[in-house]
Amino acid sequence: MTPEELADLAHLRRARDLIDREYARPLDVPTMARQALMSPAHFSRRFRAAYGETPYGYLMTRRIERAMALLRAGMSVTDACLAVGATSLGSFSSRFTEIVGETPSAYRSREHRAVVAMPACVAKVTTRPLRGASSRIREAGHAARA
């Protein structure tokens, strides 16, 4: 890896850290790109190459991940939606269903005893939403209930 590529990765990590820290506030690609010291188009291309998803996709995955934890704790779907920075309940529910494989209400009402029994670091990895992995998450949830 060249020194320029290493520097790019460090800048991309700063932007990713911004998303991880500030997921609940309004973030757009130009704001993220400024954190990475790149133009928005270059940043989007480099971020996708480095992390396998677009900056906005990564932001939404973080928001859904946090919403899952809030729903497991018993928070209402509307309150979880607002707490993670989503502005539209309909869009939030659609994206949640797309990523997790079930509606936020169904996820909230389901038993999550296995996650509660796990150490927090294991639960975070086990429940992390991944695009195209909704069946894996559902299977893990159903296996935990068995």
Per residue, how much accessible surface does the range 1-105 expose to a 1.4 Å probe? Answer in Å², no decimals. 50 Å²
How do the peptides 5-18, 53-66 rank, highest first, by the average count of neighbouring beta carbon atoms within 10 Å per residue? 53-66, 5-18
Computed lengthening from ASP28 to SER105, 0.36 nm per intervening residue step minus Cα-Cα distance: 25.0 nm
Rounded to the nearest 0.05, what FRET efficiency is calculated for ALA49 and MET75 with R0 set to 35 Å and r the Cβ-Cβ distance? 0.50
Please list 3J(HN,Hα) in residue order for the range 42-56, calculated via the Karplus relation 6.51 cos²θ - 1.76 cosθ + 1.60 where θ = phi - 60°; whole Hz, with x for glycine and proline. 5, 4, 4, 5, 5, 4, 5, 5, 7, 10, x, 8, 5, x, 5
Which of the peptides 40-52, 67-79 is most tightly packed, and how do the rest follow, going by the mean number of other Cβ atoms within 10 Å of each residue? 67-79, 40-52
Calculated FRET value between SER39 and CYS121, using beta carbons and R₀ = 35 Å, to 0.05: 0.45
Under Karplus coefficients 6.51, -1.76 and 1.60, residue-wise ³J(HN,Hα) of the range 70-83 in Hz, glycine/proline x: 5, 5, 4, 7, x, 5, 5, 4, 4, 5, 5, 4, 5, 5
Taking only the Cα atoms of the range 1-89, how large is their convex hull per residue, in Å³? 88 Å³
Report the net charge of residues surrounding SER44, where surrounding means a beta-carbon distance below 15 angstrom and charges are Lys +1, Arg +1, Asp -1, Glu -1. +2
Efficiency by 1/(1 + (r/R0)^6): what FRET value for LEU89 and ALA7, r their Cβ-Cβ distance, R0 = 30 Å, to the nearest 0.05? 0.15
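The values are calculated or read from the model by the stated rules, or taken from the named source; none is laboratory data. It should be emphasised that the depicted structure is a prediction, and the values quoted were computed from it without experimental measurement. Counting neighbours? That spans all protein chains shown, and the Cβs are built from the backbone with ideal geometry, glycine included. Note: areas computed on protein heavy atoms with side chains; ligands, DNA, RNA excluded. Shrake-Rupley method; radii C 1.70, N 1.55, O 1.52, S 1.80 Å.
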